[in-house]
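Working notes, structure below.
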Amino acid sequence: TALSLTDDLKYLHLENIYYADLDGSALASCGLKTLYMPIPTNSKKKLFNKGNCQLFWSTLALSKTLEDIQLPNQLTDKSGEVGMIGDFLKVNRSVRTIGFDGNFVLAVEDVKKLRSSFYGNKKVIGIQFPEIAMEQTMVECRKETASCLERVAENKAIIKSIYKRHYSKYNSNW
């Protein structure tokens, strides 16, 4: 998206656009302090190129004035965007508040990257706890745990039947 920005832009609220469709370098060089972009309401969440996301975060990281980023429901499943935010925060030291909750599953490696970005970045004073993402992650964990427990129960029954078959002639309790 072509976006011409002036040097005195402090607050930018964009609707009906995905962050990966923007040029992060234009946002980084305009003196922007606050970026707010809710998810487009008139369309389903689209899958966009992971390269676009990486380009956005890497170029936006060069901003020296950006303090607040709010991208509610903008992140997608299985794209590593939480890790990209972690990489962004390692480079950008001006951001103080960030919010990015959404309906996605938190990947362990991405959360590790995000967590490690806070070790050297003491300016971040607030990060919105991703409640929706955490709930989605817990649902997925519960499904996986239930599946594993089912397999354990099946294997336990198989082992018991094998044991009964082989040792029943020696044990009258079987």
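No lab work stands behind these numbers, since they all come straight from the coordinates. Since we're looking at a predicted model, the values are computed, not measured. Cβ coordinates were reconstructed from backbone atoms using ideal geometry, including for glycine residues, and neighbour counts include every protein chain displayed.
Arranged from highest to lowest average of other beta-carbon atoms within 10 Å per residue, in what order do the peptides 9-22, 151-164 appear?
Top of the packing list down: 9-22, 151-164.
So, in nm, how far is label residue 10 from label residue 167 when the simple model puts each one 7 Å beyond its Cα toward the Cβ?
About 7.8 nm, to one decimal.
Sticking with the crude label model, points 7 Å out along Cα→Cβ, report the distance from residue 154 to residue 106 in nm, one decimal please.
3.1
Using each residue's phi in segment 91-99, evaluate 6.51 cos²θ - 1.76 cosθ + 1.60 at θ = phi - 60° and report the 3J(HN,Hα) Karplus result to the nearest Hz, with x for Gly and Pro.
Once θ is set to phi - 60°, the couplings for segment 91-99 become 8, 8, 10, 9, 5, 10, 9, 9, x Hz.
If each residue of separation counts as 0.36 nm, what is the full-extension length gain between residue 58 and residue 139 once their alpha-carbon separation is subtracted?
That pair, residue 58 and residue 139, stretches by 26.0 nm at full extension.
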